[in-house]
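Working notes for the structure below.
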Amino acid sequence: MTKPSTNKVSTLRERALQPEARLIEKEPYYEPLGSEIALFEAAYASQIPALLKGPTGCGKSRFMEYMAWRLKRPLITVSCHDDLTAADLVGRYLITNNETVWVDGPLAHAVRCGGICYLDEIVEARKDTTVVIHPLADDRRILPMERHGELLHAPPEFVLVMSYNPGYQSVLKELKQSTRQRFIAIEFNYPQAALEKKIIVTETGLDADSADKLIRLAEMTRNLKGNGLDEGASTRLLVHAGKLIVRGIAPRTACNGAIAEALTDDSEMLRAVNELATSLF
């Protein structure tokens with residue numbers, strides 16, 4: 001395979017990958033749950049990658065947007081899935097206008113620009129894919145690009161971050177110790193009731209009484225985790241319901257669409273969650 005000129009590769013790389021790096025200029029709304037901000041900043045300054053652990057919808061992605069804004073670094077997010085290959089992360093040769101050109105993947109792009117590469121729900125990726133991050137996640141801080149014949153050295157500004165939901169772990173989807181022990185871990189959970197209420201009111205403009213009722217509904221569904229529900233209502237779902245109510249949707253209808261139907265397809269559990277909403281609204 002004939003390699004293209006450096007200028008050609010650089011031009012295509014800039015054209016293809018510029019939109020993936022988000023430089024967040026406006027401060028995202030984020031309410032700290034504990035010491036996660038200080039912990040992440042210390043890890044960043046020490047060039048240690050971070051692993052965010054917590055249930056879906058508890059604020060992990062919002063936290064990453066906030067930290068990218070706070071650190072003034074571009075954010076490159078990769079939503080991991082079963083079909084994600086090492087080439088998807090690192091890059092590949094493509095044929096364009098009868099020419100073979102190299103195109104960086106998001107991981108390589110993040111290294112080059114000194115950004116934050118956020119691998120969301122890393123356990124969804126294939127195990128042979130996650131191995132490619134190992135040299136970046138230890139003291140070497142390098143990304144071998146064997147197909148391109150290049151070895152990328154991460155600048156001090158680059159940081160690798162992964163997230164996953166421990167509640168979804170299984171024998172087939174478990175984060176290997178050889179991977180997780182390269183990271184510091186930051187645990188997330190749903191906010192305490194007072195803080196969750198503040199988040200809902202701020203994000204939606206919902207009145208305080210309705211926000212209290214949504215929080216009580218969420219607590220009831222969270223108590224059903226493992227007893228008919230895989231997960232309880234997340235803060236994200238409460239915000240969705242609050243936005244619908246503010247738009248004039250009846251509370252019980254909003255709770256059905258934003259919470260009950262989002263949590264389960266089981267008819268009995270749907271009925272149970274809707275009955276809980278009816279008892280509150």
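Bear in mind these aren't lab numbers, they're just calculated from the coordinates by the rules spelled out. Quantities reported herein were computed from a predicted structural model and do not represent experimental measurements. For neighbour counting, all protein chains shown are included, and Cβ atoms are generated from backbone atoms with ideal geometry for every residue, glycine included.
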Inset, instruction - Please specify each residue of the range 136-171 satisfying the condition of being closer than 16 Å to GLY114 by Cα and not in a strand (DSSP E or B). - result: LEU136, ALA137, ARG140, ARG141, ALA154, PRO155, PRO156, GLU157, PHE158
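Among the residues of the range 224-234, are any assigned to a loop (DSSP other than H, G, I, E, B), closer than 30 Å to ASP82 by Cβ and of a type in the set (Ser, Thr, Tyr)? Steps first, please.
We begin by selecting, within the range 224-234, every residue assigned to a loop (DSSP other than H, G, I, E, B); these are 224, 226-228, 230-234.
From what's left, closer than 30 Å to ASP82 by Cβ: 224, 226-228, 230-234.
Applying the additional criterion that residues be of a type in the set (Ser, Thr, Tyr) yields 234.
Among the residues of the range 224-234, at least one is assigned to a loop (DSSP other than H, G, I, E, B), closer than 30 Å to ASP82 by Cβ and of a type in the set (Ser, Thr, Tyr), which makes the answer yes.
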Inset, instruction - Starting from residues that are in contact (Cβ under 8 Å) with a residue 60 or more places away in the chain and not in a helix (DSSP H, G or I), keep the ones in the range 188-223 and report whichever is surrounded by the fewest Cβ atoms within 10 Å (Cβ to Cβ). - result: ASN189
Inset, instruction - Kindly indicate whether any position in the range 137-145 is farther than 30 Å from SER234 by Cβ and of a type in the set (Lys, Arg). - result: yes
Inset, instruction - Please specify each residue of the range 235-281 satisfying the condition of being assigned to a helix (DSSP H, G or I) and in contact (Cβ under 8 Å) with a residue 60 or more places away in the chain. - result: THR235, ARG236, LEU237, ALA277, LEU280
Legend entry - LEU52, sole failed condition from (1) under 23 Å from LEU175 (Cβ atoms); (2) surrounded by fewer than 20 Cβ atoms within 10 Å (Cβ to Cβ); (3) touching a residue at least 24 places away in the same chain (Cβ under 8 Å): (2)
Inset, instruction - Those residues that are assigned to a helix (DSSP H, G or I), among the β-branched types (Val, Ile, Thr) and surrounded by 14 or more Cβ atoms within 10 Å (Cβ to Cβ), I need them from the range 112-135; list them, please. - result: ILE122, VAL123, THR129, THR130, VAL132, ILE133
